[in-house]
Amino acid sequence: MTLPAPLLAASSSSESTGSEVSILVWLVFTAFIVAMLILDLVVHRHSEGDDEEHAHVPPFKQSVIWSIGWTLLALAFTAVVPLIHSGFGGKEAGEFVTGYVIERSLSLDNLFVFTILFSFFSVPIYAQRKVLFYGIVGAIVLRAIFILVGGALLNTFHWMIYVFGAFLVITAIRMATHSDTEVDPSKNPVLKAIRKVIPMSDEYEGSKIFTKQNGKRIGTPMLAALAMVATFDVIFAIDSIPAIFAVTRETFIVFAANAFALLGLTSLFFLIAGLLERFHYLNYGLAFILGFVGVKMLITDIWHMPIYVSLIVIIGTLLVSAWASLKWPKDEDGGTDGDGPGGTAHTPTAAPVG
């Protein structure tokens, strides 16, 4: 099973792709990315704690401001690109912008999948920031490996696209057709499967990844959530790396575009969470987007969907969902006012998996 011909050619060519950028520049840029990740960690430190009382979701306005700020930072880097190497100029700056737009667009898939994973594993709101942070760090590291190693590694993991594509489609259907249900982590089938390999507790203990029971160190459901996030990081790297290699063969530009696209995803995630609270039909839109992402994975060998098509579908779905929420607002009992779609049914926030 192989990648579509254009993507296979692009990813395979990456094996011989090098970089004329000096080691010092690489080290400085890596240090800059680490510093930005630490900044992101500090900005959202209050969203993590040991219980609901000691943590809060960042204000919607703050998430909007920071999301815009991270985007402006990436665009500002365009002016720095020609200074990085004597051979760089407007062409490389343009390649960075194009690559950034592609990777940022594809990163929306990550966010929507992270949203459903948090519902799937019933990750408490005060623990979500930690999973997001490690997920973003893992994504940067994994993409760096894929960029450096090239097409051979991409093909090795290609079959996983179909498994997780099917998972997303099934989850999207369950999410759209079930009412709001509290998911019991102890009954989660994925947790049961992982528990056969790694000893794991049934309950969350704050944002701890490991805990102790009877003097033995065991995992919490946080460990399973992190494992799934890391797995999807691999899946999305398979999709995004060949896409940007079709734009540029310069390794540094590829890595920089990926790194900037992943920075600020925490703010963007909480921005989407804020939108979900304000627009009750956005959950149905989320279910549709998840199904769309799953189908996109399943047909990748038949037709690799253009980036702009994916972006139009996602943005269009969000806009339609927001419009429907405003046209048919919730009444005081939590149903919809009038004869709008969905009647008085409650909006689903998670796919029942127990």
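Please treat every number below as a calculation from the coordinates, not as lab data. Because the structure is predicted, anything quoted here is derived from the model rather than measured. So basically every Cβ, Gly included, is an ideal-geometry build from the backbone, and we count neighbours across all protein chains shown.
Here are some notes:
- Packing here is the average count of other Cβ atoms within 10 Å per residue, and on that basis the peptides 194-207, 109-122, highest first, run 109-122, 194-207.
- Using θ = phi - 60° and Karplus 6.51 cos²θ - 1.76 cosθ + 1.60, couplings along the range 71-82 (whole Hz; Gly, Pro as x): 5, 5, 4, 5, 5, 5, 5, 4, 6, 7, 3, x
- Interchain or long-range residues, amide H under 5 Å from TYR281's placed H: SER325
- Peptide packing for 276-285, 255-264, 68-77 was compared via the average number of neighbouring C-beta atoms within 10 Å per residue; ordered from the highest value, the list is 255-264, 276-285, 68-77.
- Taking amide H as placed 1.01 Å from N in the peptide plane, the amide H of LYS330 sits under 5 Å from that of ASP337, each at least 5 places away or on another chain.
- The HN-Hα couplings worked out from phi for the range 242-254 by the Karplus form 6.51 cos²θ - 1.76 cosθ + 1.60 (θ = phi - 60°) are x, 4, 7, 5, 6, 9, 8, 9, 7, 4, 5, 4, 4 Hz, whole numbers, x standing for Gly and Pro.
- Cut-off under 5 Å, modelled amide H: who pairs with ILE218 long-range: THR211, LYS212, GLN213
- The phi torsions of the range 279-285, fed into the Karplus equation with coefficients 6.51, -1.76 and 1.60 and a -60° offset, translate into couplings of 10, 5, 7, 5, 5, 5, x Hz, rounded to whole numbers, with Gly and Pro shown as x.
- Where labels lie 7 Å past Cα in the beta-carbon direction, separation of TYR162 and ILE145 in nm: 2.4 nm
- Highest-first packing order for the peptide set 303-309, 213-219 is 303-309, 213-219, based on the mean count of other beta carbon atoms within 10 Å.
- Members of LYS130/LYS216; LYS130/LYS212; LYS296/LYS327; LYS192/LYS296; LYS61/LYS330; LYS208/LYS330 lying beyond 27 Å, as alpha-carbon distances in this model show: LYS296/LYS327; LYS192/LYS296; LYS208/LYS330
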